[in-house]
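Engineer: Below is one structure. I have some questions about it.
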Amino acid sequence: MASFARGVGLFRNGQYQDAIDCFSQALPGSGDKLQIYDSRAAAYQKLGKLKEALSDAKAVIDLGPDRWQGYARSARLFLQSRKYDAASRMAELALDRIPPDLARRRDEMVEVQNQVISAKASIAKRISRRAYHFGKLPVEIATSMFAMVLEEDPAYVVTLAQVCKNWRATVLDTPAFWTTLVLGRYKPTRKIQLWLERARNRIRELAVLDTITDYQAICEELQSFPTDSLRYLRLEMNRPESLLAALPGPTSAMLSSLDTLMLSPPKLENLPPEVVETPSLSWRVLKLDNVVIPDYYSLACRLSRLENLTISQCINTSPWDAFLRLFLRNPTLKTIEFDRTNPIYEEFIPHPPSPDRPDDQLPPVIPMPALVDVRVEHTEKLANVLLPRLTAPALRSLRIVSHRQRLDSCLNWLLAGPASSLTSLSIQGSAVDAQLLITFLRAAQALETLQLTHLFKIAQPVLRALAAPLDDTAPPQDSTTTSGVVRRVCCPSLRNLDVSHCPDVATGPLIALIKLRLPAAQAADEASEDLQKGSGPAVRRLESLVVDGCPGLDPDALPWLRAAVPSVSCVYLTKEKAKWRR
């Protein structure tokens, strides 16, 4: 035991290697081998020789499997070796064998367990930061995520394919991501080949921009372009008929299978004759910009499923009844938009029936049950002559910009029908009768957005009308509301108001308008459904207000306006105009 005692002294003095030698000399003797192995394991641990220390700790367990020392030593060694599962297991075995009166030893093992838990959590956190979670997603989910991104911008497919190796593999192996082909200035012929390969020859959308330079090379490359899956065609270059002729197969067959056709040449071009030569067209979307339309009648006879129609800067020589027949043949229209389309109104008069057009009679009013959005911009009198010929019970949005003729017929048409369903009205830079507009607004119970900009002597009387209560109505007796009176106002559903660039906007009527709706909005929140049915729609609080370019507005009222309305825009002058005035 002399060697063991000397080794203990050397251990306490920090002479660990000499202590190990002494412990080794003591092993052949008759001393407590369990204690000697445990002491030598402690010395090995101090020197960082964990393998030798674990070997001696195992010997301690073998000599005394029912004693706690070997398990405790092994738990510390495994923790130091970052073998956390083994350390946790050894600590549990040690706790099972440590007597209750050795509280300090038990606390040490509990501390080992806590360190193991903390170390595992730290490792998991580091792994989570560096882990490639996307790679664990099923391919179907990853594909759905990419599809949602590409729905907004199909050109983003190139960016997705460049993120990482796995993303690239997923994107390249999904033909549906490559079905939209847009040809512009950058390597269009190579792009045709690449997209066809990745889309498995099933291109659904083709767009040719006006930035292309080698037009002849593109036409030659498109001669073998498969059109069986083509449903969307957008041509923005000159001579669109030459590109249609370059596509393989009968042009009429390709045109008849399209859902969408958009023609927007940079220079005025004739409507390709192949369009009116195709017997039947199933287009749902038609957009013509800067195109000469020689015959609306022939076009109307071939279309019967249109949902969206846009005609911009187009010249036509058709009579008025041929133009109206386009609407008669397409009652499925949901959106119509006319921009800078000023037909020769002298020719836009009803023509008597002709022998070659036996079905030339039009009804006085054309029903348009699906029409929800109408936009008429930069025209002379189209809104006044077209809209009264239609019935649109589902109309939700009407936008009129720069209409030269006063909008009396248009507003009377709204009063006769769509006023009750309209939710958005925008009149910009057009001639309007203030009293007629106010009469319409009093009937517009569902109107949520009102935009009146660049108007002269219109904003102030409209604001005064919106700020004046119509009457007060007592709630029904069976109502559960706590409010005693329901206030009726003009446009009770109004939430968004824009009266920008109207010089007659004044502070007083604007504040009165907002105040009138604040208590009514609170009462509407408390009102029951029965009350709303009995007294009309609930009065809503104004959510956005735009008064840009209104010099008559008092700047001192802006803090109150911003406190009462969640979103307020008041820009008196842009930087460019302010600089010019200085």
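Engineer: Please say if the range 1-124 is rounded, prolate or oblate, where rounded means a/c under 1.5 for a ≥ b ≥ c the square roots of the C-alpha gyration tensor eigenvalues, and otherwise the choice is prolate for a/b larger than b/c and oblate otherwise?
Structural biologist: Because a/c hits 1.5 or more and a/b exceeds b/c, the range 1-124 counts as prolate.
Engineer: Kirkwood hydrodynamic radius, the range 357-407, all distinct C-alpha pairs: what's the number in Å? Mind showing how you got there, number by number?
Structural biologist: On the way: mean 1/r = 0.0818 Å⁻¹.
Evaluated on the range 357-407, it is 12.2 Å.
Engineer: Please find the FRET efficiency linking S420 to L194, where r is the Cβ-Cβ separation and R0 is fixed at 56 Å, and quote it to the nearest 0.05.
Structural biologist: The formula returns an efficiency of 0.55 here.
Engineer: Quick check: at a probe of 1.4 Å, how many percent of the accessible area of the range 49-140 sits on carbon and sulfur atoms? Don't jump to the answer; show the numbers that get you there.
Structural biologist: Details: 3130 of 5900 Å².
Using a 1.4 Å probe with all protein chains present, the range 49-140 comes out at 53 percent carbon and sulfur.
Engineer: Per 0.36 nm of contour for each residue apart, how much would the distance between I315 and S242 grow if the chain were fully extended, relative to their Cα-Cα spacing?
Structural biologist: Between I315 and S242, full extension yields 24.2 nm more.
Engineer: In µm²/s, what is D for the range 79-134 at 37 °C and 0.692 mPa s, where D = kT/(6 pi eta Rh) by Stokes-Einstein and Rh is the Kirkwood radius from Cα pairs? Intermediate values should be presented prior to the final figure.
Structural biologist: Values: Rh = 12.6 Å.
Approximately 261 µm²/s, per Stokes-Einstein.
Engineer: Now, a different point. Can you work out the FRET efficiency for the pair K46 and A169, with r the C-beta to C-beta distance and R0 = 41 Å, to the nearest 0.05?
Structural biologist: Step by step, r from the Cβ atoms, then E = 0.20.
Engineer: Which shape class, rounded, prolate or oblate, goes with the range 273-327 when its Cα gyration tensor gives a ≥ b ≥ c as root eigenvalues, a/c under 1.5 marks rounded, and past that a/b bigger than b/c marks prolate?
Structural biologist: In terms of gyration-tensor shape, rounded.
Engineer: Kindly express, to the nearest 10 degrees and within the range 0 to 90, the angle between helix 33-46's C-alpha long axis and the longest C-alpha principal axis of the chain.
Structural biologist: Result, in degrees: 50.
Engineer: Given the convex hull of the Cα atoms of the chain, what is a quarter of its surface area in nm²?
Structural biologist: On the way: hull surface 197.9 nm².
So the mean shadow area of the Cα hull is 49.5 nm².
Engineer: Report relative contact order for the range 276-323 in percent, whole number only (criteria: Cα-Cα under 8 Å, sequence separation at least 6).
Structural biologist: Taking the mean separation of contacting Cα pairs over the length of the range 276-323, I get 48 percent.
Engineer: Could I ask something else about it? Quick check: pseudo-label points 7 Å beyond the Cα along Cα→Cβ at A119 and S409, how many nm apart are they?
Structural biologist: Distance between the two pseudo-spin positions: 8.8 nm.
Engineer: Something else: Quick one: ranking R6, R404 by accessible area, 1.4 Å probe, largest first, what do you get?
Structural biologist: R404, R6
Engineer: Report relative contact order for the chain in percent, whole number only (criteria: Cα-Cα under 8 Å, sequence separation at least 6).
Structural biologist: That works out to 5 percent.
Engineer: Given 0.36 nm per residue, what is the gain on full extension from A557 to Y572 after removing their alpha carbon distance, in nm?
Structural biologist: Answer, rounded to one decimal: 4.0 nm.
Engineer: Same structure again: W560 accessible area, nearest 10 Å², 1.4 Å probe?
Structural biologist: 90 Å²
Engineer: With every protein chain left in place and a probe of 1.4 Å, what is the accessible surface of C219, to the nearest 10 Å²?
Structural biologist: About 10 Å², rounded to the nearest 10.
Engineer: In addition: What is the calculated FRET efficiency for E151 to L209, with r their C-beta to C-beta distance and R₀ = 22 Å, to the nearest 0.05?
Structural biologist: In this case the efficiency is close to 0.60.
Engineer: Quick one, can you get me the convex hull of the C-alpha atoms of the range 203-251 expressed as volume per residue in Å³?
Structural biologist: 69 Å³
Engineer: Let me check against my output: what whole-number percent is the relative contact order of the range 1-147, with C-alpha pairs under 8 Å and at least 6 apart?
Structural biologist: Rounded, it is 13 percent for the range 1-147.
Engineer: Now, a different point. Classify the range 237-333 as rounded, prolate or oblate, taking a ≥ b ≥ c as the square roots of the eigenvalues of its Cα gyration tensor: rounded when a/c is under 1.5, otherwise prolate if a/b is larger than b/c and oblate if not.
Structural biologist: Taking the square roots of the gyration eigenvalues as a ≥ b ≥ c, the range 237-333 is oblate.
Engineer: By how many nm would the segment from S252 to D62 lengthen if fully extended, with 0.36 nm per residue of separation less the alpha-carbon distance?
Structural biologist: That pair, S252 and D62, stretches by 59.3 nm at full extension.
Engineer: Further, regarding this structure: Which entries of K83/K125; K287/K381; K49/K125; K120/K165 have Cα-Cα distances beyond 23 Å here?
Structural biologist: K49/K125; K120/K165
The values are calculated or read from the model by the stated rules, or taken from the named source; none is laboratory data. Quick caveat, the model's predicted, so the values are computed rather than measured. Every residue, glycine as well, gets a Cβ built from its backbone with ideal geometry; the counts of neighbours run over all protein chains shown. The accessibility values were calculated without ligands, DNA or RNA, using every heavy atom of the protein model including side chains. Shrake-Rupley method; radii C 1.70, N 1.55, O 1.52, S 1.80 Å.
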